[in-house]
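Novice: Supplied in structure tokens, the structure appears directly below.
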């Protein structure tokens, strides 16, 4: 249908959608950690190429962050195809930020909305909804102006490999009490040839300086998550902020 670009934001629930697009060599996929940035990047792509661009996100607040770009696409008549992952009905509204009601999430600001339903083998139904969404995105026979459309994909479970290799993992938590000295004696590190520290968001006293000292002691680089407090205010060569994936 002419789609050549997809902007994908991370998540587990949208793993099936991500896999489907990254396996298609004719579609160039862009990875964006932040959904708002992804949406405006996709908006710019659609403007420059004059072709619909796909936006893929996990459930909950993730597709909600597309909203500003969706409004702009609507008023600017730019074709965007939003594919949002979702939870099944029995998990919607259960209190977590990923379980909001996503039905008609963008209201009057999209040309078309459809809930695809849980995965099944009726591919003709899925094909029909994809074609309907595409035709509304580009404007059906020029009767309506181009604009954004939204397809919602609920999944019972994220896509996981059938077999997972057994990995020896050990969890170590820095104590939040600053009066307690940290113990760096972690037995599993004696077996590790190339240790790596991955730092996510840390509440309370996050012990950034001690974590850097820890990395220096075991000669391990620190990959700081976008929400990690280690990304700011520390001048350490061990800390990496940017990740590049190459096939």
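Novice: Picking from 225, 168, which residue would you name as being surrounded by 15 or more Cβ atoms within 10 Å (Cβ to Cβ), touching a helix residue (DSSP H, G or I) at 6+ places or on another chain (Cβ under 9 Å) and at pLDDT below 85?
Specialist: Among 225, 168, only 225 is surrounded by 15 or more Cβ atoms within 10 Å (Cβ to Cβ), touching a helix residue (DSSP H, G or I) at 6+ places or on another chain (Cβ under 9 Å) and at pLDDT below 85.
Novice: Another question, then. How about region 1-13: which of its residues are more than 14 Å from the chain's Cα centre (by Cα) and assigned to a strand (DSSP E or B)?
Specialist: Within region 1-13, 5 is the sole residue that qualifies.
Novice: While we're here: Considering only residues that are within 30 Å of the chain's Cα centre (by Cα) and surrounded by fewer than 12 Cβ atoms within 10 Å (Cβ to Cβ), look in region 197-218 and name the one that is nearest to residue 235 (Cα to Cα).
Specialist: Applying the filter and picking the extreme gives 209.
Novice: Take region 14-31 and flag every residue that is at pLDDT 90 or above, under 20 Å from residue 155 (Cα atoms) and in a loop (DSSP other than H, G, I, E, B).
Specialist: Within region 14-31, 14 is the sole residue that qualifies.
Novice: For region 111-149, give me each residue that is touching a helix residue (DSSP H, G or I) at 6+ places or on another chain (Cβ under 8 Å) and either touching a residue at least 60 places away in the same chain (Cβ under 8 Å) or buried (at least 22 other Cβ atoms within 10 Å of the Cβ) (or both).
Specialist: Of everything in region 111-149, those that are touching a helix residue (DSSP H, G or I) at 6+ places or on another chain (Cβ under 8 Å) and either touching a residue at least 60 places away in the same chain (Cβ under 8 Å) or buried (at least 22 other Cβ atoms within 10 Å of the Cβ) (or both) turn out to be 111, 119, 146, 147, 148, 149.
Novice: Report whether or not residue 93 is without any contact (Cβ under 8 Å) to a residue 40 or more places away in the chain and crowded, with 24+ Cβ neighbours inside 10 Å.
Specialist: When the stated conditions are applied, residue 93 does not pass them.
The values are calculated or read from the model by the stated rules, or taken from the named source; none is laboratory data. What you are looking at is a predicted structure, and each value in this text was computed from that prediction instead of being measured. Here the Cβ is made from the backbone with ideal geometry for all residues, glycine too, and neighbour counts use every protein chain on show.
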